[in-house]
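Remarks on the structure that follows.
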Amino acid sequence: MAVETIAKGPSPTRRAPSPRRRRRYRRSDIAWGAAFVAPAVVLFAVMGAYTIGYGFSLSFATWNGFAPTWRWVGLQNYADLLWADPRYSPRVQGAARNTLWVMVAVPLLTVAVSFPLAVLLNSVRRLKGLLRSVYFLPQVTSGIAVYFAWMYVLQPDGAINLLLRSVGLGSLQQPQGFLGNPSTALPTLIVITVWSSVPIAMMLYLAGLQTIDPNLVEAARVDGAGSWHATRHIVWPLLRPITAIVVLLAVRDSLQGFQTFLVMTNGGPGNHTNVLGLETYKLAFLSQLDPTLGLSSALGWLLFLAALILAVVNLRAMRRLT
């Protein structure tokens, strides 16, 4: 072996690339990386940054979407929405009250329904996959089709009134339908919103339950704690971060989501189900040729500011609890 090594001589060593060659390789990598990233950057600049800046500047002007020029009004749009204009401020204030009810009720009911449901599904031994698919079905079903199905069920001659009459609860029927009665329209839409929000929240809770060490719950039961106490004092505190996410998603949907209200009631009867997201849509697209695009943009930015503040408050509150 030694003779063979001496015969071959020392193995040639690879020369390190020169600094000039390294710079050339680095420039080539940067150029190729920039070429791949450029379409996404351009798309974001056109569809994202430009749109955001355009909408923000529009909130300080009046325009109907067809006139060749804007009319700059400064902060007057914000003042008109909040108190100054008797045509728009009462509508915005009423929509804000309805949105507040939705924003409080939807997160609470979503957590109250999805967490026990997730605990129940996590403890099921048979048909667990089938049950998860059944409860997740509202999330993957076409929203418009589901809303029209709900409208059919809630009509004066719909299935719910028929069911109430057949079980002897005719006094709870709504002759004008649950969506036609001002006292039941908003609670009904809240229930439908919760029904559509529960599947995602349930899956988040299920994912969190599967990360909890079963030995913790078993140790509590060995010490004499029942299922209720173990869930309340061990499982629930460990899932507080997921609860923060569920609440944040529900608050976001309450502030920005309006599809349910648009399709099922369009804010009626008598603006009793009008919410801020729907009012923003109406100001932008349902005002004919009135110059309300600036008002719509201003209301959209107010919604964004409210959502940002609520998100910060929610995160700080959950940090203190954890």
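Details
- Filter pass, A225 being outside any helix (DSSP H, G or I), open to solvent by 20 Å² or more (accessible area, probe 1.4 Å) and at pLDDT below 85: yes
- Within the range 170-178, at least one residue is part of a loop (DSSP other than H, G, I, E, B), at pLDDT 90 or above and surrounded by 15 or more Cβ atoms within 10 Å (Cβ to Cβ).
- The set of residues in the range 249-274 being open to solvent by 20 Å² or more (accessible area, probe 1.4 Å), over 8 Å from the mean Cα position of the chain (by Cα) and β-branched (V, I, T) consists of V263, T265.
- Scan the range 65-84 for residues that are of a type outside the set (A, V, I, L, M, F, W, C), open to solvent by less than 40 Å² (accessible area, probe 1.4 Å) and more than 29 Å from the chain's Cα centre (by Cα) and the total you get is 1.
- Test: residue in the range 259-267 that is among the hydroxyl-bearing types (S, T, Y), over 24 Å from F178 (Cα atoms) and touching a helix residue (DSSP H, G or I) at 6+ places or on another chain (Cβ under 9 Å): no
- Residue list for the range 230-247, restricted to those being open to solvent by less than 60 Å² (accessible area, probe 1.4 Å) and in a helix (DSSP H, G or I): A230, T231, I234, V235, P237, I242, T243, A244, V246, V247
The values are calculated or read from the model by the stated rules, or taken from the named source; none is laboratory data. What you see is a predicted model; the values in this text were computed from it and never measured. Cβ atoms come from the backbone with ideal geometry, glycine included; neighbour counts cover every protein chain shown. With ligands, DNA and RNA removed, areas are computed over all heavy atoms of the protein, side chains included. Shrake-Rupley method; radii C 1.70, N 1.55, O 1.52, S 1.80 Å.
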